[in-house]
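Visitor: Quick one: the structure is below, questions incoming.
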Amino acid sequence: MNETCGRCGRRLKNPIFREIGYGKTCAAKLGITVPTKRKPKAPPADCDTATSDREMEGR
């Protein structure tokens, strides 16, 4: 793990960027994609997706 950005030398605070070795801006400029840890949105528990899919077919 790097303490500083490999491109500009700035100190890295985020552990994900430390692991990559580049800051957010420099990674984007170099075309490096950063993995996200976001959870996919789940439909509400009372929503029946099969019914709503059938309803949308006629539109």
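Visitor: When the residues of the stretch 13-53 are filtered to those that are modelled with pLDDT under 80 and among the polar types (S, T, N, Q), which remaining residue is most open to solvent (accessible area, probe 1.4 Å)?
Guide: Ranking the candidates gives T36 first.
Visitor: Related question: Mind counting the residues in the stretch 1-12 that are open to solvent by 90 Å² or more (accessible area, probe 1.4 Å) and modelled with pLDDT of 95 or more?
Guide: Narrowing the stretch 1-12 to residues open to solvent by 90 Å² or more (accessible area, probe 1.4 Å): 1, 3, 7, 10-11.
Narrowing the set further to residues that are modelled with pLDDT of 95 or more leaves 7, 10-11.
Result for the stretch 1-12: 3.
The values are calculated or read from the model by the stated rules, or taken from the named source; none is laboratory data. For clarity, every value in this text was computed on a predicted model and none was experimentally measured. Accessible surface areas use protein heavy atoms only, side chains included; no ligands, DNA or RNA. Shrake-Rupley method; radii C 1.70, N 1.55, O 1.52, S 1.80 Å.
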